[in-house]
Amino acid sequence: MQISINNFTKTFDGTPVIDDMNLTIRDGEMLALLGPSGCGKSTTLFTISGIHRMDRGQLMFGDRDVSGLPSQKRNVGVVFQNYALYPHMNVFENIAFPLTVRKDNKADIDREVRAIAALTHISELLERRPGQLSGGQQQRVALARALVRKPDVLLLDEPLANLDAKLRLEMRSEIRRIQLETGITAVLVTHDQVEAMSMCDRIAIMKKGEIVQIDTPADMYSNPRTSFVAGFLGNPPISFLSGIAMENSFSVAPIKLRVPLGVHEGIADGTQLKLGVRPEHFGPEGDIAVEGKIAFAETQGRENLYDVALADGSVLRSIQPAGRNWALGEPVRWFIDSKSAFVFSNDGQRL
Amino acid sequence: MTRNFAAWPIILLLTVLSLPLFVMYLFLLVDTFSNTAPGSLLPNEFTLEHWRFLIDPTITGDVWKPTLTTFLFASSMMVIVVSVSATAGYALSRLALPFRRFVLSGIMVMHAFPSVTLIIGVFLVLQFAGLYNSLTGVILVKASLMLPFGIWIMKGFYDAVPWEIEMAGVQDGASRFTVWRRIILPQVKPGLLSLALFAFIDGWSEYMLPRILAPSSDFEVLSMYLNTVSDPNSSTYNFNIFKSVGLFYTLPVLALFVLFQNRLMNIFGGGTKG
């Protein structure tokens with residue numbers, strides 16, 4: 001079901017948290033709300049669920065205006081960060097709870113619970129108590145409970161934050177699989193860009209209560225609208241150089257670096273600019289030479305990560321396949337791939 | 001397992017210190033089943049005659065009626081305290097009530113207030129309500145005097161229940177009341193149980209209030225009954241019978257303590273481990 005949020009405004013104790021936000025989540029899509037803590041992403045999520053009320057604005061589930069409806073009448077499934085399973089009920093009773101509240105008949109409940117348990121791969125755990133489950137299993141139960149009454153939208157609040165690294169990988173693909181199999185519209189809140197990129201159809205990046213950019217993960221990575229977005233996506237993160245415009249080039253005078261601005265010709269000389277270079281676009285191959293020294297090297301197995309300190313103190317990050325390993329302190333003359341670099345104005349807007 | 005110190009000196013010290021108490025209780029028990037010659041310390045015959053008051057009402061009057069009254073008194077008080085504390089504690093812990101802080105600090109003050117000082121006011125209220133000299137009146141007063149403690153304890157238990165569980169319940173389509181009854185209440189069950197026990201024991205041992213607020217009524221609780229038995233001016237005065245009645249009076253409390261001591265300790269730990 002398509003969810004739309006129109007002109008949404010929310011303040012807590014006089015502090016504006018969300019200001020005039022508009023967002024549409026398409027039917028069957030999984031959307032990530034991505035941003036640093038305090039950006040309003042959880043507020044948005046809990047507003048959709050009905051736990052928070054809008055101060056102003058409208059929330060539509062399909063054609064239905066649900067802005068004034070309490071949580072109970074919204075038909076929303078929520079997976080909380082700590083799963084919020086009911087500790088005194090076993091797994092079956094946990095999953096069945098939304099149905100028993102609705103007073104479905106016993107046979108239906110049994111069938112529904114078993115079907116959803118099969119989908120989430122917890123059929124053999126139905127007799128257990130939440131306290132006897134691992135984190136990943138609890139997560140599956142929470143998912144099953146949220147999905148069992150076929151909600152209009154599934155909301156996930158940092159669902160992977162409490163899992164260890166290996167389980168996180170497993171649950172990442174599991175949540176996506178279950179979402180695709182049920183075809184449910186889903187919203188995921190996270191501050192982890194890897195989660196957002198790997199699980200979702202589209203990402204909405206938020207900053208200080210505003211949506212900065214909303215796009216598919218691939219488009220957002222290759223075409224960030226601001227330096228904030230560019231800095232948020234990608235691991236290892238992008239590195240920035242400060243410089244000025246000079247004869248249709250981005251220029252850092254002290255190290256005699258000149259990167260042609262290409263399509264962005266006609267910027268007045270002397271304008272302050274920022275150049276964003278992703279680690280994969282800086283290395284032994286490319287077109288603009290930069291000299292520096294390896295200031296930091298980290299082995300990651302298949303790849304190595306380097307920080308290259310330039311003569312003026314700025315740092316460029318690089319990721320290189322393992323093989324030829326550069327040592328700490330080694331002087332290098334590497335190249336920036338100028339066509340893949342992003343040019344930002346000084347206030348962070350992409351040119 | 002290694003020990004940093006020997007345990008026996010402590011055990012010895014504790015034994016010596018608690019010996020008088022222990023001996024006292026032992027003699028209480030022994031004396032109810034035996035006769036001792038005058039001047040002698042040790043009993044010389046086994047007898048059940050001191051327990052005859054259980055079946056023979058001519059000795060000290062019928063014991064079962066006061067027992068039943070006491071039971072009724074303690075359980076009604078328990079029901080009131082538990083049901084009011086369970087709901088009020090939830091409201092104070094979770095709902096956005098007007099004057100919440102004021103009510104909370106009020107409860108705190110009431111909890112610390114010596115209840116005897118209220119007795120004149122209570123007397124006036126009961127008189128006005130026409131409940132003076134009635135069992136109902138005493139039950140209501142006793143229960144309300146215990147409520148600050150009960151509400152405060154239950155609020156603590158509710159506070160320990162995570163918010164998310166409650167939100168999950170609401171999100172699953174349940175009303176606030178259903179969430180409270182089916183999800184939150186089971187989480188605070190240890191608290192409810194120990195509060196119920198405390199209330200019952202407190203009611204069981206109450207002497208003052210029935211005495212003051214219902215001095216001339218026709219009901220009698222066990223503590224008052226014990227008082228009549230121990231009256232040295234009465235014709236039925238018998239020290240061993242007094243001891244037997246005392247023991248009989250204590251037994252239910254002892255039994256409850258033995259059965260539920262772990263639960264009772266819970267109230268001070270305040271923990272709710274689901």
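Against the test of being part of a helix (DSSP H, G or I) and over 22 Å from B:Arg181 (Cα atoms), the options B:Leu131, B:Leu92, B:Leu140 yield a single qualifying residue, B:Leu140. The residue of segment A:305-326 that is surrounded by the fewest Cβ atoms within 10 Å (Cβ to Cβ), among those that are of a type in the set (D, E, K, R) and farther than 16 Å from A:Arg278 by Cα, is A:Arg324.
Pairs are defined by a Cβ separation below 9 Å, a sequence spacing of at least 6 or placement on different chains, a first member in segment B:72-100 that is farther than 26 Å from B:Glu166 by Cα and aromatic (Phe, Trp, Tyr), and a second member that is modelled with pLDDT under 95 and surrounded by 21 or more Cβ atoms within 10 Å (Cβ to Cβ); the pairs so defined are B:Phe73/B:Val138; B:Phe73/B:Ile139; B:Phe73/B:Lys142; B:Phe73/B:Gly203; B:Phe73/B:Trp204; B:Phe73/B:Glu206; B:Phe73/B:Pro210; B:Phe73/B:Val221.
Entry remark, segment A:199-216: residues being under 14 Å from A:Gly35 (Cα atoms) and of a type in the set (Ser, Thr, Tyr) number 0 in total. Looking across segment A:179-193, just one residue is touching a Ser or Thr at 6+ places or on another chain (Cβ under 7 Å) and either surrounded by 21 or more Cβ atoms within 10 Å (Cβ to Cβ) or within 17 Å of A:Leu23 (Cα to Cα) (or both), and that is A:Val189. Which residue is nearest to the other protein chains (Cβ to nearest Cβ), if the candidates are limited to segment B:160-175 and must be of a type outside the set (Gly, Ala, Ser) and part of a loop (DSSP other than H, G, I, E, B)? My answer is B:Asp172. When A:Thr24 is tested against the conditions (1) modelled with pLDDT of 90 or more; (2) under 27 Å from the mean Cα position of the chain (by Cα); (3) surrounded by fewer than 22 Cβ atoms within 10 Å (Cβ to Cβ); (4) within 30 Å of B:Pro190 (Cα to Cα), the lone failure is (4). Here the strands (runs of 3 or more DSSP E) wholly within segment A:25-88 that include at least 3 residues being in the same structural domain as A:Asp157 (by TED's automatic domain parsing) and more than 22 Å from A:Ala144 (Cα to Cα) are A:56-61. Checked against the criterion of being crowded, with 19+ Cβ neighbours inside 10 Å, within 14 Å of chain B (Cβ to nearest Cβ) and under 18 Å from the mean Cα position of the chain (by Cα), segment A:158-167 contains one or more residues that satisfy it. Applying a threshold of 9 Å to beta carbon distances and a minimum spacing of six or more residues, or different chains, the list of pairs starting in segment B:14-32 at a residue that is touching a residue at least 12 places away in the same chain (Cβ under 8 Å) and ending at one that is of a type in the set (Gly, Ala, Ser) reads B:Leu28/B:Gly246; B:Asp31/B:Ser244; B:Thr32/B:Ser244; B:Thr32/B:Gly246.
Scanning segment B:1-33 for residues that are small (Gly, Ala, Ser) and either more than 30 Å from B:Ile241 (Cβ to Cβ) or in contact with an Asp or Glu (Cβ under 6 Å, 6 or more places away or on another chain) (or both) yields a total of 2. If I filter segment B:98-116 for residues that are in a helix (DSSP H, G or I), among the basic types (Lys, Arg) and away from chain A (no Cβ under 14 Å), do I get at least one hit? Among the residues of segment B:98-116, at least one is in a helix (DSSP H, G or I), among the basic types (Lys, Arg) and away from chain A (no Cβ under 14 Å), which makes the answer yes. Checked against the criterion of being at pLDDT below 90, closer than 26 Å to A:Pro321 by Cα, over 15 Å from the mean Cα position of the chain (by Cα) and not assigned by TED's automatic domain parsing to the domain that holds A:Gly40, the candidates A:Leu261, A:Leu257, A:Leu233 yield just one match: A:Leu257. Scanning segment B:203-215 for residues that are crowded, with 20+ Cβ neighbours inside 10 Å and over 12 Å from B:Ser76 (Cα atoms) yields B:Glu206, B:Leu209, B:Pro210, B:Leu213, B:Ala214. Scanning segment A:89-118 for residues that are at the interface with chain B (Cβ under 10 Å from one of its Cβ atoms) and not in a helix (DSSP H, G or I) gives A:Met89, A:Arg102.
Please go through segment A:32-73 and give me each residue that is in contact with a helix residue (DSSP H, G or I) (Cβ under 7 Å, 6 or more places away or on another chain) and within 14 Å of chain B (Cβ to nearest Cβ), ordered by number. Across segment A:32-73, the qualifying residues are A:Ser49, A:Gly50, A:Ile51, A:His52, A:Ser71, A:Gln72.
The values are calculated or read from the model by the stated rules, or taken from the named source; none is laboratory data. Since the structure is predicted, the reported quantities are computational estimates derived from the model, not experimental observations. Here Cβ is always computed from backbone atoms with ideal geometry, including for glycine, and neighbour counts include all displayed protein chains.
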